[in-house]
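Peer 1: Following this message is one structure expressed as structure tokens.
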């Protein structure tokens with residue numbers, strides 16, 4: 001029997017080019033799900049595309065990083081912003097603040113709630129929650145995300161994993177295991193395996209190996225996370241992440257890819273097809 005693969009394109013709403021790439025990756029490729037950035041400069045365009053594409057599962061890409069301003073007034077979430085009222089560029093800044101006791105979980109909850117409410121108020125059903133740069137691997141952030149999933153009746157939360165050897169992979173593994181237990185206790189759906197953290201920004205080059213790894217590990221459900229974009233998108237120039245946006249778009253829309261997914265033992269599906277761990281609940 002084939003296993004379930006959810007293919008999620010992140011950063012929907014980041015730029016108009018990313019919006020078009022996500023829609024094309026769904027229409028012409030294997031993407032079944034996307035994560036909507038409520039603070040993104042191209043949010044409105046993403047909402048319009050989502051409304052015209054009901055077959056695309058849409059979650060909320062909760063953000064406290066990325067250089068955009070929060071939806072909340074900066075004065076209402078002072079521990080999340082810099083002197084200009086914007087989020088920091090990297091998750092490292094947020095984690096440093098958390099370690100030093102300078103991150104107010106109340107600020108985080110207030111801003112994340114506003115982001116979910118914005119998407120729901122625009123009539124977009126929310127299939128799942130995840131976070132920009134996987135911030136919810138950090139336990140205090142995870143607690144807020146799980147609480148909000150329960151509050152808003154969102155049934156699924158991303159469970160990032162790393163299969164990299166060494167200290168980074170080990171650290172992510174510990175945090176991922178803690179997040180898994182939290183999700184299972186809450187009765188929330190999550191995938192049993194994940195690819196996209198180790199491969200972030202280069203899923204085109206690493207896609208065959210990622211599929212092979214997911215197939216070899218044999219989990220019944222898996223999420224594959226990608227970041228498609230358009231070539232020479234000027235709005236992406238402000239990000240120094242080194243992502244291969246347009247190459248990921250080409251890989252995700254490769255006509256040979258559906259056959260490769262099937263050969264790896266998977267069928268494509270959305271978060272509606274992912275079920276909670278049996279015997280767990282609120």
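What follows is calculated from the coordinates using simple rules that are stated; it is not laboratory data. Every value quoted in this text rests on a predicted model; they were computed, and no experiment measured them.
Peer 1: Which shape class, rounded, prolate or oblate, goes with the chain when its Cα gyration tensor gives a ≥ b ≥ c as root eigenvalues, a/c under 1.5 marks rounded, and past that a/b bigger than b/c marks prolate?
Peer 2: Rounded, because the longest to shortest axis ratio a/c is under 1.5.
Peer 1: Counting DSSP beta bridges in segment 3-273, what percent are antiparallel, to the nearest 5? Kindly include the intermediate steps, with their values, before the conclusion.
Peer 2: Details: 0 of 25 bridges.
Looking only at bridges with both residues in segment 3-273, the antiparallel portion is about 0 percent.
Peer 1: What does the C-alpha gyration tensor say about the overall shape of segment 160-202? Classify as rounded when a/c is under 1.5, otherwise prolate if a/b is larger than b/c, or oblate.
Peer 2: Details: a/c = 3.41, a/b = 1.60, b/c = 2.13.
Oblate shape, in that a/c is at least 1.5 and b/c is the bigger or equal ratio.
Peer 1: Between segment 106-146 and segment 3-78, how far is it from one alpha carbon centroid to the other, in angstrom?
Peer 2: Spelled out, the Cα-based centre of one part sits 13 Å from the other.
Peer 1: Cα gyration tensor of segment 1-118, axes a ≥ b ≥ c as square roots of the eigenvalues: rounded (a/c below 1.5), prolate (a/b > b/c) or oblate? All intermediate terms of the calculation are to be shown ahead of the outcome.
Peer 2: Numbers: a/c = 2.47, a/b = 1.87, b/c = 1.32.
Note, shape of segment 1-118 comes out prolate.
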